[in-house]
Every structure is written in structure tokens, then in C-alpha cells.
1. Taking the stated definitions as given, is Leu80 touching a Phe, Trp or Tyr at 6+ places or on another chain (Cβ under 8 Å), open to solvent by 10 Å² or more (accessible area, probe 1.4 Å) and not in a loop (DSSP other than H, G, I, E, B)?
2. Check whether at least one residue in the stretch 83-99 is under 16 Å from the mean Cα position of the chain (by Cα) and part of a helix (DSSP H, G or I), and report yes or no.
3. Quickly run through the stretch 31-61 and pick out the residues that are assigned to a strand (DSSP E or B), modelled with pLDDT of 85 or more and among the hydrophobic types (A, V, I, L, M, F, W, C).
4. Could you run through the stretch 193-204 and say how many residues are more than 16 Å from Glu231 (Cα to Cα) and buried (at least 18 other Cβ atoms within 10 Å of the Cβ)?
5. Within the stretch 176-202, which residues are more than 14 Å from the chain's Cα centre (by Cα) and of a type in the set (Gly, Ala, Ser)?
6. For Glu231, all conditions in the list (1) touching a strand residue (DSSP E or B) at 6+ places or on another chain (Cβ under 8 Å); (2) open to solvent by less than 90 Å² (accessible area, probe 1.4 Å) hold save one; what is the number of the exception?
7. Take the stretch 153-192 and flag every residue that is of a type in the set (Phe, Trp, Tyr) and open to solvent by less than 40 Å² (accessible area, probe 1.4 Å).
8. Tell me, please, whether a residue that is within 20 Å of Ser91 (Cα to Cα), open to solvent by 20 Å² or more (accessible area, probe 1.4 Å) and modelled with pLDDT of 95 or more can be found in the stretch 254-262.
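The values are calculated or read from the model by the stated rules, or taken from the named source; none is laboratory data. A quick note: this is a predicted structure, and the numbers were derived from the prediction, not measured. Here the Cβ positions follow ideal geometry from the backbone for every residue, glycine too, while neighbour counts run over all protein chains shown. We work out accessible area using only protein heavy atoms, side chains counted, and drop any ligands, DNA or RNA first. Shrake-Rupley method; radii C 1.70, N 1.55, O 1.52, S 1.80 Å.
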Amino acid sequence: DRGRGVKYRVVPNGVPKSGTNLLVTLLKNIPQLKVVNKIIPEVNWYNVKKYGLSGEVVGPFVQLDIDLPHLVPISYFESLICSLKPGESFSSCHLSYSTVMRDILDRCGCRMILIVRDPRDVVVSQVFYTLKSPQNPLHNYHVNVLRSFEKQLIASITGTPYYLLGYDVNHVSIAQRYYSVMGWFEEKNVLVVRFEDLIGERGGGSKEKQVQVIRKVLKFLGLKRDRRLVENIADNVFSERSVTFRKGQIGQWREYFTPLVKVIFKEIAGNVLIDLGYEEDYDW
């Protein structure tokens, strides 16, 4: 039965547009695990919660979300985590690192799988997703104010202050987004995987690396690395049925980065690429 065989609550985490849906597709193909239809932060938080910069939070709180960070009561976050049962996984999470958040996850018996992706591909993917999603908090500003793809891409890199978006939250820079999750790298109950390794041949990667990642995930969850199961997951992990799917390819940024965008990215987040191991220096 789904949910039997894994004793942990599973938290699939990542910067938005870094491949969390790819990761969740992997999890959905593990028979011993049940993926429930719950996302953290909740999809409609900016319509119903109104925390953010508005000063409405009183008492202990924790910062939730990565690209549009806002404050929520610790009890609210803990209730979301505890709504999951052992052997279940959320369908997506975007959780920045804090010791408070780490302690809650540890107390609730969670294991996190954090997916990282080349931040240059992340900002390209985010612009395309924003343009096709009228419900997205960034949509109106990108479509009606910025208009050109180059300006939209630059905004995805630098971030946008709340007063331009019309919400009580800032859209933070790509550097801030990635540095907000790097604290998870050092935690014992967190497994870090790369989008580029998991995507496989259909996304421009390799089958060998894809299989290695799948085996690591199964081991991390305390499951046997059965060859037939691993091959079945590899055959099904690349899903074009996801509502957020566009191309799922490695290195798409090369098609869209103008010389100006390159300069700005290096200034804002060139060190992030080096820290994540995607570049050795600024000469790219």
C-alpha cells in the first residue's frame, strides 16, 4: 500500500523553478511512498494570509517561502508539517533554512530532499512561468510594466520590491533565494540532488547519473534499491504532464542571456554559481 515502507515524513524542497516537480514525480513512482496534494507554502497564501511586511504577526514566527518570503506563526508552520503522516510526502515545498524550521522538521520525523539547479536556468524558467500564469504575483508587473523579455529576465535576477508588485512581500534576488536554502546542505536529514543529474537523457543529461540519483533517494528513505524499481522510476521521472512543465532542459539560459543580462547576473549572483559548483570563476 502507498505510504507503507517509509517511516519518515518526506519534504521535497527547492528554490521555485529548480525542479521540485521533477523530484516529486520521482517520489510518486515509489510504491512505498504516498504523495499528498499539499504544497508549502499554500498556493493561495497571498490571498488569505496577508502576513509579510504588514506587521500582522504577533509572537513567535518563522519565515516561509523562498522567492516571496513572508512571516507566519511558528504554530501555523508546524501544523502544516504535522498534517503529513509518516510514509507521506508533500507535493512541493519551498522552505528557506532556519534553525527553528530545522528543529520542527526533526521533531516531526521528517527527511528532506533538496533539489538544486543552475540558477541561470532557474531565472529563465521563472520568467516563462510568470508570463503564462495570470494568478502569479509577478505576472501583472512583468506583462504590463516590464514588457520586454530582457527586462523581465533582469527582474527575475535582481528581484522586485513589494511596492511595485502590489503585494506585501518582496520578490528577492536569485542570490538571496539560493543562499536562503544553503543551510540545509549541512543537515544530516537532508539529501541534496541536482536537477541536471536527475533529468536524464530526455532533458539533456545522462541515464547513468539519473539512476545514481534515484538509488541515492531510495537509500536515503530506507528502501531497497531494486533494479526493476530503479529502471521504472527512471523511465517515468521526466513528465511533460506537469502544469509547470515547459522544456525541462539543461543550459537553456544560453539562448536568452544577452550581454547585459550576463553582466547583471555575474554582479548579483556570480558567486552563487561558484558556491554551487556550476562555474569555477566569472569567466563564462
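1. Values: touching a Phe, Trp or Tyr at 6+ places or on another chain (Cβ under 8 Å): no; open to solvent by 10 Å² or more (accessible area, probe 1.4 Å): yes; not in a loop (DSSP other than H, G, I, E, B): yes.
For Leu80, the condition - touching a Phe, Trp or Tyr at 6+ places or on another chain (Cβ under 8 Å), open to solvent by 10 Å² or more (accessible area, probe 1.4 Å) and not in a loop (DSSP other than H, G, I, E, B) - is not met.
2. No; the residues of the stretch 83-99 include none that is under 16 Å from the mean Cα position of the chain (by Cα) and part of a helix (DSSP H, G or I).
3. Taking the stretch 31-61 and keeping what is assigned to a strand (DSSP E or B), we get 34-35, 39-40, 61.
Those still in the list that are modelled with pLDDT of 85 or more too: 34-35, 39-40.
Those that are assigned to a strand (DSSP E or B), modelled with pLDDT of 85 or more and among the hydrophobic types (A, V, I, L, M, F, W, C): Val35, Ile39, Ile40.
4. Just the residues of the stretch 193-204 that are more than 16 Å from Glu231 (Cα to Cα), to begin with: 193-196, 203-204.
Applying the additional criterion that residues be buried (at least 18 other Cβ atoms within 10 Å of the Cβ) yields 193-196, 203.
Looking only at that region, the number is 5.
5. Once the filter is applied, which keeps residues that are more than 14 Å from the chain's Cα centre (by Cα) and of a type in the set (Gly, Ala, Ser), the stretch 176-202 yields Gly183, Gly200.
6. Just one mismatch for Glu231, condition (1).
7. Tyr178, Trp184 - these are the residues of the stretch 153-192 that are of a type in the set (Phe, Trp, Tyr) and open to solvent by less than 40 Å² (accessible area, probe 1.4 Å).
8. Within the stretch 254-262, none of the residues are within 20 Å of Ser91 (Cα to Cα), open to solvent by 20 Å² or more (accessible area, probe 1.4 Å) and modelled with pLDDT of 95 or more.
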